[in-house]
Amino acid sequence: MSMSGPAAVIILAAGEGTRMKSSTPKVLHEVCGETMLGHVLAAARDLQPQRLVVVVGDTSGPVADYLARCAPDATAVVQSRRGGTGHAVRIAIETLGALDGTVVVTYGDTPLLRGRTLAGLVAARETAGAAATALVARAADPTGYGRIIRDEAGDFAGIVEQADATAEQAAIDEINTGMYAFDGHLLAGAVARLSTGNAKGEEYLTDVLSILRGDGLPVGTVWCADLDEILGVNDQAQLARARRVLNDRLLGSWMGSGVTIVDPASTWVDVGVVLEPGARIGPATQLEGGTKIGAGARIGPGCLVRDCVIAPEATVIQSVCECAVVGPGAVVGPYAHLIAGDRVEAGGAVASGQPGRSPVASGKGE
């Protein structure tokens, strides 16, 4: 990857997401405390791109508002007519102008994507000097994905979308993830030549690779080893699966750093949670927001802790704590409820029916 990072990362996020059956735009649904779009933005920022671009459906909708509030470093480009992925990228290029360097294209509904995977994609394109490099994977069930077509030499020959595939092509298990690294100038020329002569009558971004190869330019591929990373979320069942995968990933990381998770299957943590080595998290516990758990603290079983600071050696059992502070060695629960502003001082105790503040908060235990 070039030292200055790619010229741009373009995130496609204009889809309506009707299969979610929700008033919340698809890319704003949360996975482990962060929106799907927020996860993708974080992966993109790992590349330190010169431009961070998000294609949205309108200028004043929830997604544009989210970007204005939470991602002011991103440029919103409006695709008012849903004309396909190629159309979305063409609108972005026409808005920004040709970009000198690598341009990465990815999607706002892939919350499990890692920045290092995108970095590998960029590095592969730049090392090979390719006009474009596609991130590909192998799937036991490739239904719904574009298939990678290779020539007799095993080189990339094209991508066929599911709707346009023959029976023989549909049996191919090498799939297109939809994520690419392009030479910016070559991309600008190719998207201007896209047609709508396909089953959906849309401008396919996949056709850009065929155009570039037809021009005699090198087009490569790079493998994505973890199929979960390219999981696109289109409905509530896929959203739940993404939550489980990311939660397992987070718990594995915390256990690797010395945190005891008694029952990972019933424990949920948000991406903003911080756990110090030696903390012990019991079954049926949810840690949300920016919660911080100190070394030797015992949380759970049966706790919901949101945006709290739990000091070292404190204990919280079968309780709900929201925006509160629990001091060193303090005991909360069972069946306590701490609310915003509550503070349990060092060595203090709060049990069922007791308020979190006032005398108890001072550690008097009344």
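Table for the structure above
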| quantity | calculated |
| --- | --- |
| Complete set of residues in the range 289-325 that are acidic (D, E) and assigned to a strand (DSSP E or B) | E322 |
| Members of the range 26-50 found to be touching a strand residue (DSSP E or B) at 6+ places or on another chain (Cβ under 9 Å) and of a type outside the set (A, V, I, L, M, F, W, C), listed by number | H29, G33, G38, H39, R45, P49, Q50 |
| Unique residue being modelled with pLDDT under 95, hydrophobic (A, V, I, L, M, F, W, C) and at negative phi when the list is L239, L287, L231 | L231 |
| Answer from A88, A98 - the residue that is among the small types (G, A, S) and surrounded by 22 or more Cβ atoms within 10 Å (Cβ to Cβ) | A88 |
| Count of the range 121-139 residues which are farther than 26 Å from D235 by Cα and assigned to a loop (DSSP other than H, G, I, E, B) | 3 |
| Any strands (runs of 3 or more DSSP E) falling wholly within the range 10-120 and containing at least 1 residues that are modelled with pLDDT of 95 or more, closer than 23 Å to D270 by Cβ and of a type outside the set (S, T, N, Q) | 51-56, 102-107 |
| The range 291-308 residues that are in the same structural domain as A346 (by TED's automatic domain parsing) and without any contact (Cβ under 8 Å) to a residue 24 or more places away in the chain, paired with ones that are among the aromatic types (F, W, Y) and buried (at least 19 other Cβ atoms within 10 Å of the Cβ) (beta carbon under 9 Å, 6 or more apart) | none |
| Complete set of residues in the range 211-238 that are within 22 Å of the chain's Cα centre (by Cα) and assigned to a loop (DSSP other than H, G, I, E, B) | C224, A225, D226, L231, G232, V233, N234, D235 |
| Condition check for G57: closer than 13 Å to V27 by Cα, surrounded by fewer than 22 Cβ atoms within 10 Å (Cβ to Cβ) and either in the same structural domain as A124 (by TED's automatic domain parsing) or of a type in the set (D, E, K, R) (or both) | yes |
| Answer from E152, E126 - the residue that is touching a residue at least 24 places away in the same chain (Cβ under 8 Å) and of a type in the set (D, E) | E126 |
| Of all residues in the range 27-63 being among the small types (G, A, S) and in contact (Cβ under 8 Å) with a residue 24 or more places away in the chain, the one that is farthest from Q286 (Cα to Cα) | G57 |
| Members of the range 296-320 found to be among the hydrophobic types (A, V, I, L, M, F, W, C) and either closer than 19 Å to T260 by Cβ or out of contact with any Lys or Arg (no Cβ under 7 Å at 6 or more places or on another chain) (or both), listed by number | A297, I299, C303, L304, V305, C308, I310, A311, A314, V316, I317, V320 |
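Yes/no per residue for (1) farther than 30 Å from G144 by Cα; (2) not small (G, A, S):
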site	(1), (2)
W223	no, yes
D226	no, yes
S253	yes, no
A265	no, no
I281	yes, yes
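The values are calculated or read from the model by the stated rules, or taken from the named source; none is laboratory data. Not measured: the values here are computed from a predicted model. A quick note on method: Cβ atoms are made from the backbone with ideal geometry, for glycine too, and the neighbour counts reach across all protein chains shown.
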